[in-house]
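Data first, discussion second: the structure below is written as structure tokens.
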There are 2 protein chains.
Amino acid sequence: VDEQLAPGRPGPPRSGRTRELDLLLAVDRSAATPLRAQLEDAIRSAVREGRLVAGTALPSTRALAAELGVSRGVVVEAFGQLAADGFLQIHRGGATRVAHVPPPVHGPPSGPTAPATAPPAAPSAFDLLPMSGDLVGFPRRAWGRAIRGVVDATPAPGLSYGDPRGPERARTVLAAYLGRSRGVLATPDTTALTAGVTEGIGTLARALAATGARRIAVEDPGFAPHRRTLQDAGLLPVPVAVDAGGLRVELLDGAGVDAVLVTPAHQAPTGRPLSPERRTALVRWASEHGAVVLEDDYDGEFRYDRQAVGALQALAPDHVAYCGSVSKTLAPALRIGWVVAPAPLLDAATRLRLIATGGTAALEPLALAAMIDDGDYDRHLRGRRRVYAARRRVVEQAVLDLLPDGEPIGIPAGLSVPVLLPPALDPVGLAAAAHRRGVLVAVVPVVLDGREHTLVQIGFGRQAESGLRRAVGLLADAVAEVAAA
Amino acid sequence: VDEQLAPGRPGPPRSGRTRELDLLLAVDRSAATPLRAQLEDAIRSAVREGRLVAGTALPSTRALAAELGVSRGVVVEAFGQLAADGFLQIHRGGATRVAHVPPPVHGPPSGPTAPATAPPAAPSAFDLLPMSGDLVGFPRRAWGRAIRGVVDATPAPGLSYGDPRGPERARTVLAAYLGRSRGVLATPDTTALTAGVTEGIGTLARALAATGARRIAVEDPGFAPHRRTLQDAGLLPVPVAVDAGGLRVELLDGAGVDAVLVTPAHQAPTGRPLSPERRTALVRWASEHGAVVLEDDYDGEFRYDRQAVGALQALAPDHVAYCGSVSKTLAPALRIGWVVAPAPLLDAATRLRLIATGGTAALEPLALAAMIDDGDYDRHLRGRRRVYAARRRVVEQAVLDLLPDGEPIGIPAGLSVPVLLPPALDPVGLAAAAHRRGVLVAVVPVVLDGREHTLVQIGFGRQAESGLRRAVGLLADAVAEVAAA
């Protein structure tokens, strides 16, 4: 039953402005898609296509729920998600309004994110390094079946050099996956396989440098290896401060940059998403300056409280290039990643990549596509989320119980709990003291909101749940030792 | 029975100089290795290690055969191979002497080579494009078994980022394989996996550029895509002429270059190996100038007349970086290649590659190692050689019968027969005329020995044997049409 809301249809009182909505929104109760998701999609499409313009006030959740014949909770959830994604602005005590979103011309997609560091060689009793998934949980059976199937079934021409963006089948499946799972606006033509997020960022940066870009804003604190990747690609990384809302977008004007690299889903290392206001402001800035935003969808798949915050890219697919990988969802050793980018940028990056590497591997991306098609990939992610959410709760509780000086920050997401410690602690000394107790952990000095802190990232991706509390206890001992020194 | 030739042992008369050989050479008739190969190895080692110095005259083949108790043919073959590899110089009517070979400090390895071009989209009745292997012959069963085994058996830590040169097991197996099959001096530490020859060349070039190199000699005619790869990596490609002996090494001094890229096994596109004299001269030049030679072991695996000519790298592992891949032996879609290079250069290249790509895929190189270990890879290569040798004979005979104006050049090797045509023929017109007859073929204008030619590369990698004669006939029709125009 398609409940198109025709203008003349009887309903609760509404303003002239919201009457427009009648023509745009529809929910289909017979469809498999949840009503909340349908409503979100409908509003998102209307905003993207310019049918709902910035500043438009939406009806109250109560009124819209009555109009659509759905429970009010459905509308509240949909509005909340759209606000988190930057499509709507919720004003306490006032109307919810459409945010400023530049209209897209065509679309890119999004996915997970891989850091580019080698693990230390020395084995330790407890491994709390962040940014690693649990490789013991690698779905060997599903992956083995998928890759064997691809080796058996790929026709001979598919074993040649092929499309430098990767096999069309893999791009098609991936574009659809990124659309449904991360809200990315992707088509097979704007999607390219890479050997991981680092290669995606590196190649995009080289393409930007080739067209005259010189300076790129990076988050401070941020993921250091990517700065080096940008530098080697010919761009100068310009650190821009991060606060509780993520990258301080208002500082971009003073930074004199041509591009920005951000981690909107889960800022590395502070563990917080880019706020809805900042998202809107960032894409507006990019649109006004003809700049490009590189979105590293770091931890995008691992959100434990509610539906994941969608990709920034969906707000402005002409100005955002989205990068993800399977390095944390499956395994770094696979070297599978992807980029969704505006066509001219993607084409330039693909040309450079072809010249530099001779082409793109075909079989493993096709195996990933087969896993996605079979539902094995989603099933694997759901299982991983359960495991990681449980581990995260243990870490958080252990920090509260055993490390009272520490302040856990960041949302329930990702593969580590960032904890702020008193600024006087020496990061190097603390990491060494932890190591002496058999605990591998990453400690970095950070400046947040203008103040110095010591930030310890308690990773739980590689450490089984049973050892986590003990490991946090040993870390607390190390903190006490260094604080007393 | 180890037949060590002790100084006092009775034997045929010999000069004082050749008496040295008594201490160095030994053959073991009970070993599985053929006597000829043992003799080659023994002389090669003696030359490498400086025990046999440049200019030393060897005994006559007759004398040495008697001394070692082997047939004279064994010694003749071994000398011939060592001369082809640049270790010995055979002077007609005079003694065979040890060539000038710079002593190595440590070693790199070698393998096959992959061009970096996408095949044309339009299907044709006959595909005579060069530089492609027969993908219908891809060993699906062996590869599927190998990759599945690796997915099942690789321990969890092996699924992480790991060594940026690739998994140690894969480097160990590969180094041994390259040593025995291509004569490369490789250790696991001087061997790194890449995504193919193009990436190997590109990364090495970037490392050279980072240390101040600016200009690199490339073969003219040569493989154009690699020039672009070098250029993007920061080096200026300087074309240096090729003649029947390969790269004209004597022109390097005037070219003002810091490095050289060569295809010594089978020059692309003229199909001839770098001559023994040129090999010696090239490594001497590199050694004297502190320059680096990038060896693209293009077609190294596919030689149909006799044992393959060994890698140039073995002559001077401190000055030669060796690149190969499985793109023609297995399939380009795998994106597996390797580099064997002097340790400082390899380390610099690996660092740059890690920064640019985030790491190296582990599973597919491990599958290749498993195939090599099982003997499946060698078995596959032997089968491919039989198939390609037969196809090559058909093409050569068809050219002699049907294309009398054409002059086949090049040795019985590789995946195409290069044929020189009268210079007046328009290359673009000929390729188009062939295409109209359903024949895809590569035609290039070349200057060889100071004269202009039209060179058509009749590839047989992708075209089944049954269609080859017909395809050459159609090509001959195209030649006649263009010649008459």
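Take every DSSP beta bridge with both residues inside the protein assembly as shown and express the antiparallel ones as a percent of the total, to the nearest 5. Walk me through the intermediate numbers first.
Working: 60 of 98 bridges.
Taking every DSSP beta bridge within the protein assembly as shown, about 60 percent pair in antiparallel fashion.
Of A:162, A:249, A:197, which is farthest along the charge dipole of the range A:125-279 in the positive direction, counting Lys and Arg as +1 and Asp and Glu as -1 at C-beta?
The Cα lying farthest towards the positive end belongs to A:162.
Roughly how big is the B-A contact, given as buried accessible area in Å² (both sides, 1.4 Å probe, nearest 100)? Walk me through the numbers before you get to the answer.
Numbers: alone 19820 and 19810 Å², together 35450 Å².
Counting both chains, the buried surface is close to 4200 Å².
For residue A:344, which inter-copy label distances result when the label point lies 7 Å beyond Cα on the Cα-to-Cβ vector, reported in nm to one decimal and in ascending order?
From this label point to the equivalent ones elsewhere in the assembly: 4.5 nm.
Among rounded, prolate and oblate, which fits the range A:270-404 when a ≥ b ≥ c are the square roots of the eigenvalues of its C-alpha gyration tensor, a/c under 1.5 means rounded, and a/b larger than b/c means prolate?
oblate
Less than 15 Å Cβ to Cβ from residue B:249, Lys/Arg counted +1 and Asp/Glu -1: what total charge do the surrounding residues give? Walk me through the intermediate numbers first.
Values: positive: B:248, B:272, B:278, B:279, B:284; negative: B:219, B:220, B:243, B:250, B:253, B:277, B:288, B:295.
Charge balance in the 15 Å sphere: -3.
Other chains' Cβ within 10 Å of A:330-338 residues: what's the mean?
For this peptide, the per-residue mean of nearby foreign Cβ atoms is 6.
Place the label 7 angstrom along Cα→C-beta at residue A:378 and in each other copy, then list the distances from the first to the rest in nm, shortest first.
Residue A:378 label point versus its equivalents elsewhere: 4.9 nm.
What's the FRET efficiency of residue A:152 with residue B:451 using the Cβ-Cβ distance as r and R₀ = 45 Å, to the nearest 0.05? Don't skip to the end; give the middle numbers.
Values: r = 51 Å, r/R0 = 1.13.
In this case the efficiency is close to 0.30.
Show me, for the range A:396-409, the HN-Hα J-couplings you get by feeding each phi into the Karplus relation (A = 6.51, B = -1.76, C = 1.60, θ = phi - 60°), rounded to Hz, glycine and proline as x.
Once rounded to whole Hz, the list reads 4, 5, 5, 5, 4, 6, 10, 10, x, 6, x, 10, x, 10.
Express the C-alpha Rg of the protein assembly as shown as a ratio against the empirical globular expectation 2.2 N^0.38 Å, rounded to two decimals.
1.07
Can you list the residues in the range A:189-217 whose accessible area drops by at least 20 Å² when all protein chains are present, compared with the chain alone? Use a 1.4 Å probe, heavy atoms only.
For the range A:189-217, once contacts with the other chains are taken into account, A:198, A:199, A:206 lose 20 Å² or more.
What ³J(HN,Hα) values, in whole Hz, does the Karplus curve 6.51 cos²θ - 1.76 cosθ + 1.60 give for the range B:144-155 when θ = phi - 60°, with x put for Gly and Pro?
Taking θ as phi minus 60°, the curve returns x, 5, 5, 5, 5, x, 5, 4, 6, 9, 5, x Hz for the range B:144-155.
Which of rounded, prolate or oblate describes the range A:305-379 when judged by the alpha-carbon gyration tensor and an a/c cut-off of 1.5? Provide the component values of the computation, followed by the final result.
Numbers: a/c = 2.24, a/b = 1.12, b/c = 2.01.
Verdict is oblate for the range A:305-379.
With +1 on each Lys and Arg Cβ and -1 on each Asp and Glu Cβ, how big is the dipole of the protein assembly as shown about its Cα centre, in debye rounded to the nearest 20? If you can, show how the numbers build up before the last one.
Numbers: 104 positive and 100 negative charges, 269 e Å.
The dipole of the protein assembly as shown has a size of about 1300 debye.
Sticking with the crude label model, points 7 Å out along Cα→Cβ, report the distance from residue A:125 to residue B:382 in nm, one decimal please.
Those two pseudo-labels are separated by 5.5 nm.
Quick one: if you stick a label point 7 Å off each Cα along the C-beta vector at residue B:30 and residue B:91, how many nm between them?
Between residue B:30 and residue B:91, the simple spin-label model gives 4.1 nm.
First compute the accessible area of the protein assembly as shown with a 1.4 Å probe, then give the percent of it belonging to carbon and sulfur atoms. Working shown, then result.
Details: 19260 of 35450 Å².
Its accessible area is 54 percent carbon and sulfur atoms.
Just want the answer: with Cβ charges of +1 for Lys and Arg and -1 for Asp and Glu, which residue in A:380, A:410, A:398 is farthest toward the dipole's positive end in the range A:330-432?
A:380
Given R₀ = 51 Å, FRET efficiency for residue B:343-residue B:444 by Cβ-Cβ distance, to 0.05?
With R0 = 51 Å, the Cβ-Cβ based efficiency is 0.85.
Using alpha carbon centroids, what distance separates the range B:307-326 and the range B:456-485, in Å?
34 Å
Where does the range A:381-485 land on Rg/Rh, using Cα atoms and the Kirkwood Rh?
Numbers: Rg = 13.3 Å, Rh = 13.8 Å.
When Rh is taken as the Kirkwood radius, the ratio is 0.96.
Just to be sure I understand the model, the point goes 7 Å from the Cα along the line to the Cβ. What's the resulting residue B:305 to residue A:236 distance in nm?
For the pair residue B:305/residue A:236, the computed spacing is 5.9 nm.
On average, how much area does the Cα convex hull of the range A:248-331 cover when viewed from any direction, in nm²? Could you put the intermediate results ahead of the total?
On the way: hull surface 23.1 nm².
That works out to 5.8 nm², a quarter of the Cα hull's surface.
Select from B:184, B:135, B:65 the residue farthest towards the positive end of the dipole of chain B; place +1 on Cβ of Lys and Arg, -1 on Cβ of Asp and Glu, and compute about the Cα centre.
Positive-end residue among those listed: B:65.
Any idea what the residue A:422 label distances to the other copies are, label 7 Å down the Cα→Cβ vector, nm, shortest first?
Taking the point 7 Å beyond Cα along Cα→Cβ, the inter-copy spacings are 9.4 nm.
At 222 nm, what value in deg cm²/dmol follows for chain A if DSSP H runs of at least 4 each add -39500 (n - 2.57) and the sum is divided by all its residues, to the nearest 500?
On the way: 16 runs with 196 residues, N = 485.
The helix contribution divided over chain A gives -12500 deg cm²/dmol.
Please go through the range A:331-414 and write out the trypsin sites (Lys or Arg not before Pro) that DSSP classes as loop and that have at most 14 other C-beta atoms within 10 Å. The partial results should precede the final answer.
Numbers: sites: A:335, A:351, A:353, A:379, A:382, A:384, A:385, A:386, A:391, A:392, A:393; in loops: A:335.
Passing sites in the range A:331-414 do not exist.
What three numbers, in Å, describe the spread of the alpha carbons of chain A along their principal axes, ordered from the longest?
Its Cα atoms span 75, 60, 47 Å along the three principal axes.
Taking H as built 1.01 Å from N, whose amide H comes closer than 5 Å to the amide H of residue B:28, not counting residues under 5 places away?
none
Taking 0.36 nm per residue of separation and subtracting the Cα-Cα distance, what length does fully extending residue A:224 through residue A:76 add?
Details: separation 148, 0.36 × 148 = 53.28 nm, distance 3.86 nm.
The span from residue A:224 to residue A:76 would gain 49.4 nm if fully extended.
Over the Cα atoms of the range B:424-480, each weighted equally, I'd like the Debye log10 I(q)/I(0) at q = 0.14 Å⁻¹, rounded to two decimals.
Log10 of I(q)/I(0), two decimals: -0.38.
Quick check for me: using +1 on Lys/Arg Cβ and -1 on Asp/Glu Cβ, what's the dipole size of the range A:202-313 about its Cα centre, in debye to the nearest 20?
Values: 12 positive and 15 negative charges, 29 e Å.
Dipole size: approximately 140 debye.
Out of the trypsin sites (Lys or Arg not before Pro) in the range A:218-308, which ones are loop residues according to DSSP with at most 15 other C-beta atoms within 10 Å? All intermediate terms of the calculation are to be shown ahead of the outcome.
Numbers: sites: A:227, A:228, A:248, A:278, A:279, A:284, A:303, A:306; in loops: A:248, A:306.
Passing both the DSSP loop test and the Cβ count: A:306.
Considering only protein heavy atoms, what per residue accessible area in square angstrom results for the protein assembly as shown with a 1.4 angstrom probe?
Each residue of the protein assembly as shown exposes 37 Å² on average to a 1.4 Å probe.
The values are calculated or read from the model by the stated rules, or taken from the named source; none is laboratory data. All values reported here derive from a predicted model rather than from experimental measurement. Heads up, the Cβs are rebuilt from the backbone with ideal geometry, glycines too, and the neighbour counts pull from every protein chain shown. Surface areas here come from the heavy atoms of the whole protein model, side chains and all, with no ligands, DNA or RNA. Shrake-Rupley method; radii C 1.70, N 1.55, O 1.52, S 1.80 Å.
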